Ligand SMILES: Nc1ncnc2c1ncn2[C@@H]1O[C@H](COP(=O)(O)OP(=O)(O)O)[C@@H](O)[C@H]1O
Ligand SMILES: [Mg+2]
């Protein structure tokens, strides 16, 4: 606690802290490797949540990254085909963004803006933040309303609603906005039942797709919905970067075999997680490199699907996905236009 006050003083100055912050709750809401979160009250009585970065974290992370780079650079030269350098650069930039809380502030603004677009669902909210009280190592946030999804009783009516809302929201962020929460697990979501809204917190790490990705995903989804086996393999192939040993015919055969299995079991009974893992395995076997932004996207989908199923085991992922994809298609002639 003394440490939290110390960081606050370092970041804002002692007099500013005295002037703006009335009290800080002793017990943290959360304490992770990078940061710690506390409820607090501002001088004017406003309740807030403050998130501070633990001392020395940024320095340690930078040091670890440069050590890692020292290993990766010669290894990348020795094994140019694996794409080590690209992998490391992806990892480095994601890690550096995570230790700068101004990134979370920027992400909040971008999310809010995305949800103001035409045809967007209006039932997703993000906390406001206090720019005057936020720095690289500190962010002061509006407390999210509603109930943390991790506290909702599984199988209840509330759980069923929260399951649909959370899954639809993550899918919309991915397929429509191309800008999505990278870790949509139950502690990072709040369900505001009286308003039918879903609140997202912990917005430091996001995934971001490129404009051309959307057209490719739409092709994949269409191929799945139309059970168009030939086009599915083709559009999946376009998503990845083929290696020197990749043979399209073999990849196509791998995808067809997988789809035959899916058909035999019935698409509704298949878990997305299993299907995606198998697809990734087929890609890997054929030396197709899947860019990090897709891996993040897949991870987010799987986290959201897992959460939705744990809240409501009966949920039909395809029924939730359909309107989201339809809405996205409405805009697909103008992909990712702001
Ligand atoms: N705006 C907020 N409103 C309410 N609780 C919050 C808010 N931000 C964070 N918390 C609480 O603090 C915890 C940790 O904050 P979070 O932003 O998720 O950081 P971490 O990266 O440590 O997971 C959350 O799980 C939640 O319980
Ligand atoms: Mg969190």
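Bear in mind that the values in this text are calculations on the coordinates, not laboratory data. The model shown is predicted, which means the values in this text are computed figures rather than measured ones. Cβ sites come from the backbone with ideal geometry, for glycine too, and all protein chains shown count toward neighbours.
Points worth noting:
- Diffusion of region 107-235 by Stokes-Einstein, at 37 °C in a medium of 0.692 mPa s and with Rh set to the Kirkwood radius over alpha-carbon pairs, works out to 202 µm²/s.
- Taking each DSSP H run with n ≥ 4 as -39500 (n - 2.57) and averaging over every residue of the chain yields -17000 deg cm²/dmol at 222 nm.
- Euclidean distance of C-alpha centroids, region 1-70 and region 165-224, integer Å: 28
- From the alpha carbon centroid of region 140-163 to that of region 280-301 is 31 Å.
- Global geometry of region 57-98, whether rounded, prolate or oblate, following the gyration tensor of its Cα atoms and the 1.5 cut on a/c: oblate
- Modelled this way, with points 7 Å down the Cα-to-C-beta line, the labels at residue 75 and residue 263 are 4.2 nm from one another.
- Residues listed by number, region 50-92, amide nitrogen under 16 Å from residue 208 label point at 7 Å toward C-beta: 89-92
- Residue list for region 126-168, given a label point 7 angstrom along the Cα-to-Cβ vector of residue 277 and an amide N cut-off under 20 Å: none
- Prolate/oblate/rounded call for the chain, Cα gyration tensor, a/c under 1.5 rounded: oblate
- Angle between the chain longest axis and helix 2-12 axis [Cα atoms, degrees, rounded to 10]: 90
- Relative contact order (%) - region 145-338, alpha-carbon pairs under 8 angstrom, separation at least six: 33
- Rounded, prolate or oblate (a/c below 1.5 giving rounded, otherwise prolate when a/b exceeds b/c) for region 1-120 by Cα gyration tensor: oblate
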